[in-house]
Amino acid sequence: MGRVKSPPSDCGDTTRPSTIDEVAEAIALPECDTRQEMTRDEQIELADLNFLEANRELARRAGGVVHDEPGLMLYAGGHPLPVLTNGAMRTARSLEPGEAIARAHAFFAAQGRGFTWLVRAGADADLEDAVVAAGARPFGDAPGMVIEHRLADAVPPPGIELRRVATAAGVADFASVNGVAYATYGMPEEVAPAALGPPEVTIAPHIRSFVAYKDGRPLSAAMVILSHGVAGVYWVGTRPEARGMGLAELCTRAATNAGFDLGGRLVTLQASVMGEPIYRRMGYVEVTRYRNFVVSEAPRAA
């Protein structure tokens, strides 16, 4: 359990004011921070919840299908690629691995797609063994990282312009940058435009997206999604020829601070191999890991 911070000594008398003068005096008092300090378990739970909700949002806002049932979340997004845009995540340890696998296979058989199991380290060891035994193959082991404080504001280097996505052109730029960036990992370039192309994916009251430009050309991007009182950074990508310029950190810094500005108590992300050193340098710390196991082809219908 977290513990409640005691109000600092300069928070003044906490009795309710009864006159106009007392109200004015109360308004002038420094704001008190009464939020709970989070335990590691709470950080992990909130990171899991945001990761779940982000995958739901990214799928349904791209015109995909999301299926929630007790203990399991399944999503088929804007592209049939088994990785990133189609996945399954167990949400309760009480769901037996065999039952989870049967339900996921039935769902993706109907969708005609392969998919990725998103396995939570420390919570899903039994599920991990079962999905591997059922034929899923390992496909990465990403650290789940968090930061609990706002960063110094993002300051673009000379010649770089940082823009918040707010127009159709900005949406297209965000998608095109990630299409090229994720091709480094073998992802076809058309996946990101399919997954990120609809404006509602990157523009919403609880979503902020950013693109860095040089001479009008989009080079790097990142987005943040608020849910459950925390924010998550997603789709960080930089064109290969623009790497090493600090642009991924620039966009991630902007997205991180936007998450806090939206009201997030912490900001979380799942780090790629290239991104992890950058995030650690920024102050993100690892609290968990997410292991991916891919079912490359659509399961056969039972």
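Data table
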{"read-out": "Sole residue being free of Cβ contacts under 8 Å to residues at least 40 places away in the same chain and either of a type outside the set (G, A, S) or in contact with a helix residue (DSSP H, G or I) (Cβ under 7 Å, 6 or more places away or on another chain) (or both), chosen from D129, D141", "value": "D129"}
{"read-out": "Single unsatisfied condition, P158 versus (1) part of a loop (DSSP other than H, G, I, E, B); (2) touching a residue at least 60 places away in the same chain (Cβ under 8 Å)", "value": "(2)"}
{"read-out": "Given (1) at pLDDT below 95; (2) over 21 Å from M223 (Cα atoms); (3) out of contact with any strand residue (DSSP E or B) (no Cβ under 6 Å at 6 or more places or on another chain), index of the condition V155 fails", "value": "(2)"}
{"read-out": "Pair list, Cβ < 7 Å and 6+ apart or interchain, from region 36-64 residues that are at positive phi and touching a residue at least 12 places away in the same chain (Cβ under 8 Å) to residues that are surrounded by 17 or more Cβ atoms within 10 Å (Cβ to Cβ) and not in a helix (DSSP H, G or I)", "value": "G63/G78"}
{"read-out": "Condition broken by L162, with the remaining ones in (1) under 20 Å from N55 (Cα atoms); (2) surrounded by 14 or more Cβ atoms within 10 Å (Cβ to Cβ) satisfied", "value": "(1)"}
{"read-out": "One residue from A109, A166 being among the hydrophobic types (A, V, I, L, M, F, W, C), over 26 Å from V273 (Cα atoms) and part of a helix (DSSP H, G or I)", "value": "A109"}
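For (1) within 27 Å of R120 (Cα to Cα); (2) in a helix (DSSP H, G or I); (3) assigned by TED's automatic domain parsing to the domain that holds L118, each residue gets a yes or a no:
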site: V201; (1), (2), (3): yes, yes, no
site: P218; (1), (2), (3): no, no, no
site: G237; (1), (2), (3): yes, no, no
site: R253; (1), (2), (3): yes, yes, no
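The values are calculated or read from the model by the stated rules, or taken from the named source; none is laboratory data. Small disclaimer: the values here were computed from a predicted structure and weren't measured. With ideal geometry, Cβ positions are generated from the backbone for all residues, glycine too; neighbour counts draw on all protein chains shown.
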